Protein chains: 2
Amino acid sequence: MNKNSQGAIGVFDSGFGGIDILRDIVQELPKHNFIYLGDTARAPYGTRTQQTIYHFTEQGVKFLLEQGCPLVVLACNTASSQALPLFESRGSLMGIIKPTVKAALYSKPERVGIIATEATVRSNTFLKEIKKLSNKTEVFQNPAPLLVPIVEEGEESSKIAELAVEEYLAPLLKKNIDVLILGCTHFGVLEPKIREQVGKDVKIVREGPVMGNALKHLLETNPKLEKNIKKKGKLRFYTTDLTDKFIRLGARFLGKKITAEKIEL
Amino acid sequence: MNKNSQGAIGVFDSGFGGIDILRDIVQELPKHNFIYLGDTARAPYGTRTQQTIYHFTEQGVKFLLEQGCPLVVLACNTASSQALPLFESRGSLMGIIKPTVKAALYSKPERVGIIATEATVRSNTFLKEIKKLSNKTEVFQNPAPLLVPIVEEGEESSKIAELAVEEYLAPLLKKNIDVLILGCTHFGVLEPKIREQVGKDVKIVREGPVMGNALKHLLETNPKLEKNIKKKGKLRFYTTDLTDKFIRLGARFLGKKITAEKIEL
């Protein structure tokens, strides 16, 4: 730990979608300190090239490590899928895709559907991770790019959201999937609309609860890491562009008021 | 002019929306050389703070000036509304909002409606510029944030686009507007859907033709400036993130194939 260490778990996302994940993590680990960084000046990442996503993610992770975070969680599927495999040392980094895949395969599905950003789908990271664990499982992916701005505009209950969800799910539902992975941090808040479309027989994997459990398990099995994290229940927020929306939607996602500090990467 | 001068007119936009404007400009000035820069690594700008939009725009303009552009056109309403008033010397900079307002007021409307990004609406630049020229004209603005990603996803003919256009125009149509300004470079391609909603009696101001005419007029009345621009009909494209989408949608907007070079700002 460096001398400025805040002894917190770092949580990185391209914007504020990861705050929906943070809420579930904090529910599991209410006493642990967390630092959240959202790269709001350059979000969304899902439409950019791998090179650019890696460059931006590296800068974000570096900032969190410099704050003395003993562990950084990439709470962004795009960043995890595009950048995580490129980091040389993953020791202090935790991605979101492997825990999600593990949870999705728990019920031994035959056909798994995934909606995610364009970059995540293009990377085939979900596909590869599923095949590593269960070679026979069939996998169907569909990029759902409009769902991110729909959530960011607070339109998740609108008719527009309904139409978009219908359009993106249709090709997956035709394949008779058993499990649907919501492979983007923003999509959790669309779960009610998605449930309407998929019916009650398809298991929906929402990443917040998955990450809460996975992180709890990681700390329980790594006492050295666990020891380095302060437990005063503190949450700090940093952003690269301090918009009203970060404060407003962040509070809605987290379920309580937040304040944030602007930094440059 | 510096020794690296390409003697071209610079055209800056946050992404590739400005290519729709460039097409109309080139139609008016087919022999002039142009350099287009799209900040695709950090687009869209419309949801960011003024401070960040100014910072990004300044970097883009600086790059174009360093290429020896005798004139830079800000083909982005968000950048024009948030950043243009902050540049100390506007000598070599041309914004998009004043020409658009002039065109909108040509028919002496009583009630003008504007759809634009959140940042453009928040700046009240359209409102202020209209009031300067025509104090009695009533002005009604509505942010239309989802229309940008809808166009970027190539969904401009979809049912989703129809619903979104309907939602954003409804409050303006209630005010009985005579003229509707499409105050974002992306919205031009939605003109057919917008026309369906507003009926035939509302005049729609699309910025491409406006800017083509305005730039032609500026050069005709400024022979010194005109003299510094090379006329070999060359178009060069630079981006901060070289995505397939820039090449694909850029070609669709421009009406011919394009190549682009990646740069860092």
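The values are calculated or read from the model by the stated rules, or taken from the named source; none is laboratory data. All values derive from a computational prediction rather than experimental measurement. Cβ atoms come from the backbone with ideal geometry, glycine included; neighbour counts cover every protein chain shown. Ligands, DNA and RNA are stripped out before the accessible areas are found, and what is left, the full protein with its side chains, is counted by its heavy atoms. Shrake-Rupley method; radii C 1.70, N 1.55, O 1.52, S 1.80 Å.
Three semi-axes describe the equivalent ellipsoid of segment B:173-261; taken as square roots of 5 times the Cα gyration tensor eigenvalues and ordered largest first, they are 30, 22, 10 Å.
The modelled label-to-label distance between residue A:31 and residue B:124, using points 7 Å beyond Cα along the C-beta direction, is 5.2 nm. Please determine, in degrees from 0 to 90 and to the nearest 10, the orientation of helix A:159-173 with respect to the longest principal axis defined by the Cα atoms of chain A, where the helix direction is its Cα long axis. Around 70 degrees separate the two axes.
Quick one: of B:232/B:262; B:102/B:128; A:232/A:257, which pairs are farther than 20 Å apart, Cα to Cα?
Values: B:232/B:262 23 Å; B:102/B:128 12 Å; A:232/A:257 18 Å.
Those over the limit are B:232/B:262.
Among the listed pairs A:131/A:216; A:132/A:245; B:62/B:216; A:136/A:159; B:193/B:216, which have their C-alpha atoms separated by more than 31 angstrom in this model? Too far apart for the 31 Å limit: A:132/A:245; A:136/A:159. Note the angle between two axes, namely the Cα long axis of helix A:50-66 and the longest principal axis of the Cα atoms of chain A, as a number of degrees from 0 to 90, rounded to the nearest 10. Here the helix axis deviates by roughly 40 degrees.
Computing the accessible area with a 1.4 Å probe over protein heavy atoms, can you report the carbon and sulfur percentage for the protein assembly as shown?
Details: 11300 of 22690 Å².
Carbon and sulfur together cover 50 percent of it.
In the assembled protein chains, residue B:239 presents an accessible area of approximately 0 Å² (probe radius 1.4 Å).
Prolate is the label for chain A, because a/c, from the alpha-carbon gyration tensor with a ≥ b ≥ c as root eigenvalues, is 1.5 or above and a/b exceeds b/c. For residue A:34, the amide hydrogen comes within under 5 Å of the amide hydrogens of A:9, A:234, A:235, A:236, counting only partners 5 or more places away or on other chains and with H modelled in the peptide plane.
Give me the angle, in degrees from 0 to 90, between the Cα long axis of helix A:244-254 and the longest principal axis of the Cα atoms of chain A, rounded to the nearest 10. Computed tilt is about 80 degrees. The mean sequence distance of close C-alpha pairs (under 8 Å, at least 6 residues apart), as a share of the length of chain B, puts its relative contact order at 28 percent. Taking a point 7 angstrom from the Cα of residue B:175 along the C-beta vector, which residues in segment B:186-203 have backbone N less than 15 Å away? Counting backbone N atoms under 15 Å from the label point, the list is B:203.
At the nearest 100 Å², what buried accessible area, both sides summed, do you get for B and A when the probe is 1.4 Å? Summed over both sides, the interface buries about 2400 Å². Working from Cα pairs under 8 Å separated by at least six residues, relative contact order for segment A:154-244 is 26 percent.
Can you compute the charge dipole magnitude of the protein assembly as shown about its Cα centre, using +1 on each Lys and Arg Cβ and -1 on each Asp and Glu Cβ, nothing else charged? Give it in debye, rounded to the nearest 20.
Numbers: 76 positive and 60 negative charges, 161 e Å.
Roughly 780 debye for the protein assembly as shown.
Quick one: if the Förster radius is 25 Å, what FRET efficiency do residue A:251 and residue B:51 give, using the C-beta to C-beta distance and rounding to 0.05? Write down the numbers at each step before the final one.
Numbers: r = 22 Å, r/R0 = 0.87.
Efficiency, from the Cβ-Cβ distance: 0.70.
Quick one: among B:85, B:149, B:223, which has the greatest mean-square fluctuation in a GNM of chain B with alpha-carbon springs under 10 angstrom? Looking only at B:85, B:149, B:223, the largest GNM fluctuation is found for B:223.
With each label modelled as a point 7 angstrom along the Cα→C-beta vector, the residue A:218-residue B:227 pair spans 6.6 nm.
The helix-based estimate of mean residue ellipticity at 222 nm for chain A, built from -39,500 (n - 2.57) per DSSP H run of four or more residues and divided by its residue count, is -13000 deg cm²/dmol to the nearest 500. Rolling a 1.4 Å probe over the protein chains gives residue B:29 an accessible area of about 10 Å². Using θ = phi - 60° in the Karplus curve 6.51 cos²θ - 1.76 cosθ + 1.60, the 3J(HN,Hα) couplings for segment B:213-226 round to 5, 5, 5, 4, 5, 4, 6, 4, 9, 10, x, 5, 5, 3 Hz; x is entered for Gly and Pro. Think of a 1.4 Å ball rolled over the protein heavy atoms: the protein assembly as shown then has 43 Å² of accessible area per residue. Using C-alpha pairs under 8 Å with a sequence gap of at least 6, the mean separation divided by the residue count of segment A:77-160 gives a relative contact order of 30 percent.
Remark on segment A:85-162: hydrodynamic radius 14.4 angstrom, per the Kirkwood mean of 1/r across alpha carbon pairs.
Scaled to the globular estimate 2.2 N^0.38 Å, the Cα spread of the protein assembly as shown, given as radius of gyration, is 1.02. Distance between Cα centroids, segment B:215-233 to segment A:146-189: provide it in whole Å. Between the Cα centres of segment B:215-233 and segment A:146-189 lies a distance of 49 Å. Rolling a 1.4 Å probe across all protein chains gives residue A:157 an accessible area of roughly 90 Å².
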